[in-house]
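Each remark here refers to the structure printed beneath this line.
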Amino acid sequence: GKIMKLTVLGSGSPEAYLRRASSGYLLDIGDDVVLFDCGGGVYDNLLRAGRKPSEITHIFFSHLHSDHMMDYARLIHAAWDEGGRPVQVFGPDPIGFITQGYFGPQGVLSHDLRARTELLPSQEVWKARGGTLPRPWPAPDVTEINPGFAFQGNGWRLTSCEVPHAQPALTCMAFAVESEGRKFVYSGDAGICDALTALITDADLLLHWCYRLDGETAHPLMLPVTPTPSQIAQVAKSAGVKRLLLTHFRVHMDAPEGHAAALKALEEHFGEDSRIVEDLDEYTV
C-alpha cells in the first residue's frame, strides 16, 4: 500500500536560526515524493536526510511568504542539474510569475542558464555526465491553484481549504492528503477557522503551525491568526485528530520554559500523542 512517511525538513520561521530551517515538509507516498513548502534551509536538510533534489515529484505551496519558498529556485535548479524530470509545482498566484522570474528567458537565472547550456566547456561537462544536447532550461510544470483545489495522485488524493493568515496580500491554504484510509493534514500558516476544522476532522496526523505560546502578549490583530498550543490542541481533540505535531517554532519559543509549557498544554488539552517537531524528524502517518 501507499504508506505515508513525513520527514520534517524545516520547522522554523523567517528568523535566522541554526536549530530550525524555515518551513518545508517531505511526504513520501509510494513512488511519489511530495514537498510542502520550500523555505530557506530546506534544500540543505533535504540533503542531510539523504535525499536528492531530483527525487521530488510534486511541490505544493501553502502560500508565498519567503520563509515558505526561499529555496524553491535552488531546489528546481539542482533537480534540473541532476537531469531530473520536470517537477510538478502547485501554488497560489503568482507562482507562475515567480517561476518565470527565476527560469524564464529574462529571469534572474537566465545568465547562469545560458552559460551552462551554450558554452562548449559546459556542454562537454553535461555530455560527460550522460546528458544530451541541446540542453533545455529548467521547466517546472506549474499549476496555479486556489483554495478548494483537489488533486488525484497515484494512490493518493489531496484536498485544500483557505486559512486566515496574510490576506489580502497572499492566498493562504492548508492541505490534506489521504491514502489507503489514512489522512495527513498540513495547516500551512493558519488561524483557526471552520474550513480548517473540517479539513482536519479525523486526521491520523495533523502538522499545525504555532507562532505564539499561551500567555504571550500579541497585537490584537495578531491574536485570531496565531493560535496557541492550548487552542490548537483543543480544536484538534474536538475534531478527532489522532496525532498532533506542532511546528514553525520561533527562537524565543524554544527556551526551556516555553518548550515545557507548550508540551504541558499539548498533553493537557490533546493527550500523549502530541509533540513539537524538530528538523529531520521522521513520522509514519
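Things worth noting here:
- Computed from phi, the 3J(HN,Hα) profile of region 157-165 under the Karplus parametrisation 6.51, -1.76, 1.60 (θ = phi - 60°) reads 9, 10, 10, 8, 8, 7, 10, x, 8 Hz, with x in place of Gly and Pro.
- Less than 5 angstrom separates the built amide H of Ile59 from those of Leu35, Gln88, Val89, Phe90, all sequence-distant by 5 or more or on a different chain.
- Sequence-ordered 3J(HN,Hα) estimates for region 192-201 from the Karplus curve with 6.51, -1.76 and 1.60 and θ = phi - 60° stand at 5, 8, 4, 5, 5, 4, 5, 5, 7, 4 Hz, glycine and proline given as x.
- On the beta carbon distance between Arg129 and Arg74, with R0 = 25 Å, the FRET formula returns roughly 0.80.
- Beta bridges by DSSP in the chain, antiparallel share as percent, to the nearest 5: 55 percent
- Heavy atoms of the protein chains alone define the surface here; on that basis the chain has 44 Å² accessible area per residue at 1.4 Å probe size.
- For the set Asp37, Asp194, Asp202, Asp44, the ranking by accessible area, highest first and with no ligand, DNA or RNA atoms included, is Asp194, Asp202, Asp44, Asp37 under a 1.4 Å probe.
- Partner lysines for Lys237 [C-alpha distance under 23 Å; skip if fewer than 8 residues away on the same chain]: Lys5, Lys183, Lys264
- Within the shell defined by Cβ-Cβ distances under 15 Å, the residues around Pro164 carry a net charge of -2, with Lys and Arg each +1 and Asp and Glu each -1.
- A simple packing score, the average count of other Cβ atoms within 10 Å per residue, orders the peptides 152-163, 240-251, 177-188 as 177-188, 240-251, 152-163, with the highest score first.
- Gyration tensor (alpha-carbon) shape descriptor, region 105-231, a/c threshold 1.5: prolate
- Within the accessible area of the chain (1.4 Å probe), percent carbon and sulfur: 54 percent
The values are calculated or read from the model by the stated rules, or taken from the named source; none is laboratory data. None of the values given here were measured: they were computed from a predicted structure. Neighbour counts are summed over all protein chains in view; Cβ atoms, including those assigned to glycine, are modelled from backbone coordinates with ideal geometry. Accessible surface is based on the protein model in full, side chains and every heavy atom, while ligands, DNA and RNA are left aside. Shrake-Rupley method; radii C 1.70, N 1.55, O 1.52, S 1.80 Å.
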